[in-house]
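Asker: Just passing along the structure, written as structure tokens.
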Amino acid sequence: MPELPEVETSRRGIEPWILHTTINKVVVRDRRLRWPVAKDVERRLQGQIVEAVDRRAKYLLIRTSGDTIILHLGMTGSLFIVDQGAPAGIHDHLDFELDSGKVLRFRDPRRFGSFHLSSKPLAHPLLSKLGPEPLGDEFNGTYLWRKSRGRTVSIKQFIMNAQIVVGVGNIYASESLFLAGINPKRAAGRTARHRYDALADAIKDILSRAIKAGGTTLRDFYGGDGEPGYFKQQLEVYDREGEHCRCCNTIIRSFVQGQRSTYYCKSCQT
DNA sequence: CGCGACTCCTGCCGGC
DNA sequence: TGCCGGCAGGAGTCGC
């Protein structure tokens, strides 16, 4: 489900509800996430105060007076706030009961999400090798171009590689390449320098606009405030196979690349 | 090291 | 209406 804009939307949605609250109790109903939830998380989090709600890549980092929670939403994970005592659904795996009387609840039907605790989250194996944030200054055309030299992989798979740049998932990869006018099949190492300038700008633009719109809701994404994301209305190619390109009227096509669907306009993207 | 295939899991949708 | 195959917003791991 969530790419960077959806995770950021979730972060902003829950932050006002949990910041500076105390975690009275943690309830784990199903430990079978992508990796089994450690048996001591209930004990380690009980009584801790939430001091910050951050994001790194697609991970939410909830810093407490003790450990930091490292939470990944996977494909179908979501976070929301309910009143204490609200009945839990079949896929509601985690509850964080707060001293405010509210509960931060984690739901994840496919259980591709993950939950870890760490005192040094950025040094955690899941985070330590990640590339730069796409909205930061470190990420630009020069960086992408330099990283791409000698790479034979397609440029679409290249920008979805979290060791190159984080946060660009399947929707926004297609959208960014459309905006930059680049054919997704093009080899990363055979893409010119000036195209990477356009691509880095496009990624920043798309992600910023998607965050502003509260993310993209295709089926079942809702931010922490229960609102869907409205960026779907701005999608130019993703999930638009058979429809007309708004730029040149060509029919949008899709094909599979690295086991993921790619959408593009044959005439706008070269 | 780079790359491609595979894998985890449930829900939903379209076609027959 | 009911069943079945295919596909889904992620990403770690393995084999070459």
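Asker: Which entries of A:Lys232/A:Lys266; A:Lys25/A:Lys204; A:Lys39/A:Lys147; A:Lys39/A:Lys120; A:Lys120/A:Lys147 show an alpha-carbon separation above 31 angstrom in the structure shown?
Answerer: Long pairs (Cα-Cα over 31 Å): A:Lys25/A:Lys204; A:Lys39/A:Lys147.
Asker: Hey, another quick one. Using per-residue counts of other Cβ atoms within 10 Å, averaged over each peptide, order A:70-78, A:44-52 from highest down.
Answerer: Peptide ranking by packing, descending: A:70-78, A:44-52.
Asker: For chain A, just run the numbers: alpha carbon Rg, then divide by 2.2 N^0.38 Å, N being how many residues it has.
Answerer: Compared with the compact-globule rule of thumb, chain A sits at 1.06.
Asker: If you average 1/r over all unlike Cα pairs in segment A:9-86 and invert the result, what Kirkwood radius do you get in angstrom?
Answerer: Hydrodynamic radius (Kirkwood, Cα pairs) of segment A:9-86 is 13.4 Å.
Asker: Name the residues whose placed amide hydrogens come within less than 5 Å of the amide hydrogen of A:Ala38, ignoring near sequence neighbours (fewer than 5 apart) on the same chain.
Answerer: Hits under the 5 Å cutoff: none.
Asker: Another one. Please tell me the relative contact order of chain A in percent, rounded to the nearest whole number, where contacts are Cα pairs under 8 Å and at least six residues apart.
Answerer: On the way: 582 pairs, mean separation 50.9, N = 270.
Once divided by the residue count of chain A, the mean separation gives 19 percent.
Asker: Could you give me the ³J(HN,Hα) list for segment A:154-160, computed from phi with Karplus coefficients 6.51, -1.76, 1.60 and θ = phi - 60°, whole Hz, x at Gly and Pro?
Answerer: 5, 5, 5, 5, 4, 7, 8
Asker: Now for a separate question. For segment A:141-264, go through all pairs of different Cα atoms, get the mean of 1/r, take its inverse, and jot down that Kirkwood value in Å.
Answerer: Hydrodynamic radius (Kirkwood, Cα pairs) of segment A:141-264 is 14.9 Å.
A short reminder: the numbers here are calculations on the coordinates, not readings from a lab. Every value quoted in this text rests on a predicted model; they were computed, and no experiment measured them. Every residue, glycine among them, receives a Cβ derived from its backbone with ideal geometry; neighbour counts consider all protein chains shown.
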